[in-house]
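Reading through the structure tokens given below for one structure.
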Amino acid sequence: MNHPLPFGPGRTGRTGRTGRASHAGRSDLCEVMDEVAHGDKHAFSVLYDALAPMVFGIVVRVVRDRAQSEEVAQEVMIDLWRQAARYRADHGSVTAWAATIAHRRAVDRVRSAQASADREQAQAAREHQTAFDEVSEQVETRLESEQVRRCMRGLTELQRQAVTLAYYRGLTYREVAEALRTPLPTVKTRMRDGLIRLRDCMGVTT
């Protein structure tokens, strides 16, 4: 089925061998669907013209991207061709059935796009954390040097205390927070900022 999607201006419905126009009613569409289920390509042309604009309208409201919506709408129409034999008139109209498939396909596309974005964000976060850990490691191995002591003097009091407790005394973030009587999130932030300032001062690269 290589039908172009009929979304452009001036597109009119065709009339296939069945003699049913694109504005066919419910009973007509049921008959058309039955013929599609038997592989009638002319019937599918009628079905396509009757449903494709509605399908696209449903999809674009969910996906909100025209190019992707056109792809999804095409997939829906292919689904209708392939699954025509599964349609049961006593379960609802052809239009309702097509609308359900269109909405499901659109939601799947949005979820897929979101999952992809989440994976990229997670990967970026992992890369950032890895780089930060490497900096922390390099800083830790050089804490006894005169350069580090000089750079430590450039930190704020809280940053200096937090770094000292964590790296000289081996305290955890939570233990540092308790020792300094400072909220844990604040300690983590000051530690991170302090390590970044040490990195810059010492010329440590990520």
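If you take the residues in the range 72-90 that are in a helix (DSSP H, G or I), surrounded by 15 or more Cβ atoms within 10 Å (Cβ to Cβ) and not hydrophobic (A, V, I, L, M, F, W, C), which one is farthest from the chain's Cα centre (by Cα)?
So in the range 72-90, the residues in a helix (DSSP H, G or I) come out as 72-82, 84-86, 89-90.
With surrounded by 15 or more Cβ atoms within 10 Å (Cβ to Cβ) added as a condition, the list becomes 72-77, 79-81, 84, 89.
Still in the running and not hydrophobic (A, V, I, L, M, F, W, C): 74-75, 79.
Values: GLN74: 21, GLU75: 19, ASP79: 23 Å.
That would be ASP79.
Scanning the range 151-165 for residues that are assigned to a helix (DSSP H, G or I) and either in contact with a Phe, Trp or Tyr (Cβ under 7 Å, 6 or more places away or on another chain) or loosely packed, with under 14 Cβ neighbours inside 10 Å (or both) yields a single hit, GLU157.
Would you mind stating whether GLN68 is surrounded by fewer than 15 Cβ atoms within 10 Å (Cβ to Cβ), over 18 Å from LEU47 (Cβ atoms) and either acidic (Asp, Glu) or out of contact with any Phe, Trp or Tyr (no Cβ under 6 Å at 6 or more places or on another chain) (or both)?
On the way: surrounded by fewer than 15 Cβ atoms within 10 Å (Cβ to Cβ): no; over 18 Å from LEU47 (Cβ atoms): yes; either acidic (Asp, Glu) or out of contact with any Phe, Trp or Tyr (no Cβ under 6 Å at 6 or more places or on another chain) (or both): yes.
Here the answer is no, as GLN68 does not meet what is asked.
Residues in the range 36-59 that are closer than 15 Å to ILE101 by Cβ and without any contact (Cβ under 8 Å) to a residue 24 or more places away in the chain: GLY57 only.
Only residues that are crowded, with 17+ Cβ neighbours inside 10 Å, within 16 Å of VAL94 (Cα to Cα) and of a type outside the set (A, V, I, L, M, F, W, C): list them for the range 32-52, please. If the condition is that a residue be crowded, with 17+ Cβ neighbours inside 10 Å, within 16 Å of VAL94 (Cα to Cα) and of a type outside the set (A, V, I, L, M, F, W, C), then GLU35, SER45, TYR48, ASP49 are the ones that fit. Within the range 31-49, if we keep just the residues that are in contact with a Lys or Arg (Cβ under 8 Å, 6 or more places away or on another chain) and in a helix (DSSP H, G or I), the residue that is farthest from ALA113 (Cα to Cα) turns out to be GLU31. Taken as a whole, the structure places ASP108 among residues that are more than 17 Å from ASP34 (Cβ to Cβ) and either modelled with pLDDT of 90 or more or not assigned by TED's automatic domain parsing to the domain that holds GLN161 (or both). Surrounded by 14 or more Cβ atoms within 10 Å (Cβ to Cβ) and modelled with pLDDT of 90 or more - does that describe any residue in the range 1-12? No: the range 1-12 contains no residue that is surrounded by 14 or more Cβ atoms within 10 Å (Cβ to Cβ) and modelled with pLDDT of 90 or more.
The values are calculated or read from the model by the stated rules, or taken from the named source; none is laboratory data. All of these numbers come straight from a predicted model, not from anything done at the bench. Note that we place each Cβ from the backbone using ideal geometry, even for glycine, and neighbour counts take in every protein chain shown.
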